[in-house]
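The values are calculated or read from the model by the stated rules, or taken from the named source; none is laboratory data. Keep in mind that this is a model prediction, so the values were computed, not measured. FYI the Cβ positions are ideal-geometry reconstructions off the backbone, even for glycines, and counts take in every protein chain you see. The area values use the complete protein model at the heavy-atom level, side chains included, leaving out ligands, DNA and RNA. Shrake-Rupley method; radii C 1.70, N 1.55, O 1.52, S 1.80 Å.
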Amino acid sequence: RPIGCAECSCDGRKACGGRVGVSHRVSVWMLAACGVWLVGLGAYFIFLRPPLLPEDPRFMGTTLEQIRVSVPGLESWLGKVFTVMGGFMAGAGVLTLFVATVAMPLRLKETPWALGICGALTVVLMSATNFALHSDFRWLLMLPALVWLAGLVVYVANRGEASAGHGRGVGGVT
């Protein structure tokens, strides 16, 4: 289904006369991409992430061998924890994808708040934590937070664009 007009399912250039602006579509795609990224990250945590990355013992000032001797079973337990965490990440991604492709085109009044809080609690918090840990991946993990923020800013900045309801005030936008 094309992203654009929720009422007539056009791509913003056909049946609605082009009322869905380019910047609105860009913000939808940016947040949808973040949702897909969260689903992918969740899958990585569920299926691929090792219990301890090489940077983890380094951050703790110890070695993997010392951890294994001192805390037997930790890696097995962390595998379960990361499976649950990955499920939550993927679930947040599915919901983000839904909001981006359904709520954003409808221009629902509460959408920016939901996206802002969700972004702060997911990608921004993860990015900030990775900087606090001096993670090897901190710069890479900053990108989704920046894309999320940019998508939200573009969406909020263009709240005056015609709604997907063809100017009938869908979701409190007139």
Sole residue being over 16 Å from GLY42 (Cβ atoms), part of a helix (DSSP H, G or I) and free of Cβ contacts under 8 Å to residues at least 60 places away in the same chain, chosen from PRO112, PRO105 = PRO112
Which one of these is at pLDDT 95 or above, open to solvent by less than 40 Å² (accessible area, probe 1.4 Å) and within 25 Å of GLY21 (Cβ to Cβ): ALA145, ALA92?
-> ALA145
Out of the residues in segment 107-134 that are hydroxyl-bearing (Ser, Thr, Tyr) and in contact with a helix residue (DSSP H, G or I) (Cβ under 6 Å, 6 or more places away or on another chain), which is most open to solvent (accessible area, probe 1.4 Å)?
-> THR122
Considering (1) under 17 Å from the mean Cα position of the chain (by Cα); (2) open to solvent by 70 Å² or more (accessible area, probe 1.4 Å); (3) not hydroxyl-bearing (Ser, Thr, Tyr), say which one MET60 fails and leave the rest.
-> (1)
Test for PHE98: is it surrounded by 14 or more Cβ atoms within 10 Å (Cβ to Cβ) and out of contact with any Ser or Thr (no Cβ under 6 Å at 6 or more places or on another chain) = no
Kindly indicate whether GLY169 is open to solvent by less than 50 Å² (accessible area, probe 1.4 Å) and modelled with pLDDT under 95.
-> yes
